[in-house]
Amino acid sequence: MGVSRWLFALLLCQATLTTPTDVRFLRHSGRREGFADSMGPGGGGGGGGGGPPQPSLGVPLNASANPADLLFEDEPDPRLDIEERLVVRGTEVVLECIVPEDAKVVEGDDSVEGEVRWYHDGALVEGDLRVSIMWTGRLVMSHAVSADSGLWWCRRSGRPAPKLRLIVTIPPERPYLKYGGAQLAAGARLTTREGNSITLHCVVEGGNPAPSITWILGGEDITASSQIHSQWEDSEGVFNTKSNLTVARVGKDLHNNTVACVVRHPSLPVAVSVPLRLNIEYSPDFRLRRWPSWGTPVREGASVSLLCSVDANPPSDPTWVKETEGGTTEVASSEGWLNLTRVTGEDRAWYKCATVHTFGHFASHSVFINVLPAGELLVSPPREVEVGLGEAVQIPCTNPASRVPTAVCWTKILQGGRAAGVSSQNSLLLRKTTYSDGGRYRCVASDATKTIESDDVDVIVTGAPMVAAVNSTVLSIAGRPTALSAHVCGRPLPLTLTWLPPPHIQPINPGDTKDRVTAHNLTTSETPGCHYAVLTIAGVKPHDEGNWVIVGVNDRGATAALIRLNVTAAAHSVAASSGARAQIPSHLPTPRLTLFVSVSVVSYATTTAILGRAWVWL
């Protein structure tokens, strides 16, 4: 009895977790006509003998009629309390006879004690070569057939077990695609022209129930644009299904994309996909580029390069032609490149790119190369250039009327008169300008006859302040002096700086002294428009520890930086290292003595050892 309770609990749990399917139109051997008569006294399953017939999940019981005509619309749907099991035709099926302990003997049942009887759609099941009933009550079908679909239940000693709905599915044949009435091979490639309309058919022969079909194009589900039709084949008891998909106008964006018909069926362990690669043919599309860039004057002796890229399917090779009074003349080019070295007045003309394609002859728009007479080599960059922070600026070295130089060198003048090379292009290009890009620049241009150096060019960067801590964390010993410093950039002036010591409610401006704290005036740095701001604390105390904030403000905005000050107790031992010195900017306030030290601190209250390295302002 203990085992029966366990099996019954397992069955109830399985029935609770089983989700009813929406499978419809299955063919099996039951007949609607005379169905109740075939049950007879005691033939009904469940809790009593006889009674009204139980419909089978809206499934037709007549093998020869249209399944759509056999739905029981006026009877309750039994799917809510009957377990369903899907099996594939031809596979082995095992049914266990598990009777609840509280099941009562069916009235009129003449079974002997221990006898097990099985019923299928109300008819008593007799064992044969395919169906066997074991002494334990287990029913084994060596292979399932379509006629096995329906309601199954058993009785043990006249007491009924819960019903089970067996649904025998028939796997469909492998699906395939059709186009223009012809079947396409697996992995085929469909070639069509841009702007055409295509209609694809996904065909699935056989299968019960009818399969579901979805369409995927370029990774997107487009099933909503398709139609599906399933036709019942009475002689085979299966459905033949076809889904149609129409793309009204194919564009070249679909070239090399994949359209796939995806078939799903209860008898298939995984979905079956039938892919088709699209080969969209389209007319040429031209893209022209030029070096030097469009709009740059071209003088005699300079070089010009034109590049033509052709996007077409099938691919098409580009050629360059020169327009003359008598028509057009093809000029020498290679792989879309037209290179004119040391141009002369004869090269002054209209040019265009042409190609011969499967669809005909095509050409791009015409471009004009205007060759100006050669002049003197002139360098005349602007004396001053103002650019906003984060913006881009392009500064030409030579005059537009100048002869094209053979070499250009841009340098930046650093402190002490040193020069650093920054560019070898005719124009100095600064992208996403920062304050460090500000300063003095100079260019040198050369040709075959001379070399000319330009005057200095002052690049002024303007924008909101940028405030950065020199050290984000400063470690100091209690009772010793220390300094906090920040690098500040910003134009235009005036630039206002404010220090906010913890708890950030008593601001200190440069030049002010409050208690032991002094904010020093700004000192210049190597970067134009940038300065160092320094704040010194005489005799650091433990309550000075915390976050110190410096805020910079001008008419373009405001920025702040945070410096963490950590204060430690006096060290028991201090070992000075003579191998390194603190790297302090020469313009910052100089403390009495600067040492690079190793500090060992021991707090007896917490018995915690802290070992570290720090800059100590003594």
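Values in this text are rule-based calculations from the coordinates and carry no lab data. Since the model is a prediction, treat every value here as computed from it, not as a measurement. All Cβ positions, even for glycine, are placed from backbone atoms using ideal geometry, and neighbour counts span all protein chains on display.
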Check your understanding: Based on the mean of other beta carbon atoms within 10 Å per residue, what is the order of 441-447, 256-262, most packed first?
Key -> 441-447, 256-262
Exercise for review: Quick one: P(r) of the stretch 408-534 from all Cα-Cα pairs, 5 Å bins, percents rounded to integers, in order of increasing distance.
Suggested key: 2, 9, 15, 16, 14, 11, 9, 8, 6, 4, 3, 1, 1, 0, 0
Exercise for review: At a Cα cut-off below 17 Å, give the lysines reachable from Lys242, other chains included and same-chain residues fewer than 8 away excluded.
Suggested key: Lys178
Exercise for review: Calculate, in whole percent, how much of the Cα-Cα pair population of the stretch 379-438 lies beyond 17 Å.
Suggested key: 46 percent
Practice item. Do me a favour and compute the ellipsoid semi-axes for the stretch 159-213 from its Cα gyration tensor, root of five times each eigenvalue, largest one first, whole Å. Key: 41, 11, 8
Check your understanding: For Ala186 and Ser157, FRET efficiency with R0 = 51 Å and r from the beta-carbon atoms, rounded to 0.05?
Key -> 0.35
Exercise for review: Evaluate E = 1/(1 + (r/R0)^6) for Ala468 and Glu526, where r is the Cβ-Cβ distance and R0 equals 22 Å; express this FRET efficiency to the nearest 0.05.
Suggested key: 0.90
Practice item. Give, to the nearest whole percent, the P(r) tail of the stretch 263-366 beyond 24 angstrom, counting all Cα pairs. Key: 41 percent
Revision key, fill the gap. Expressed in angstrom and ordered largest first, the alpha-carbon extents of the stretch 204-250 along the principal axes are 41, 18, 13
Review point. How would you order 207-213, 413-419 from highest to lowest mean count of nearby Cβ atoms within 10 Å?
Key: 207-213, 413-419
Study note, to complete from the structure: One point scatterer per Cα, no solvent, Debye formula: log10 I(q)/I(0) for the stretch 339-435 at q = 0.15, 0.16, 0.24, 0.26 Å⁻¹ comes out as -0.84, -0.90, -1.29, -1.37
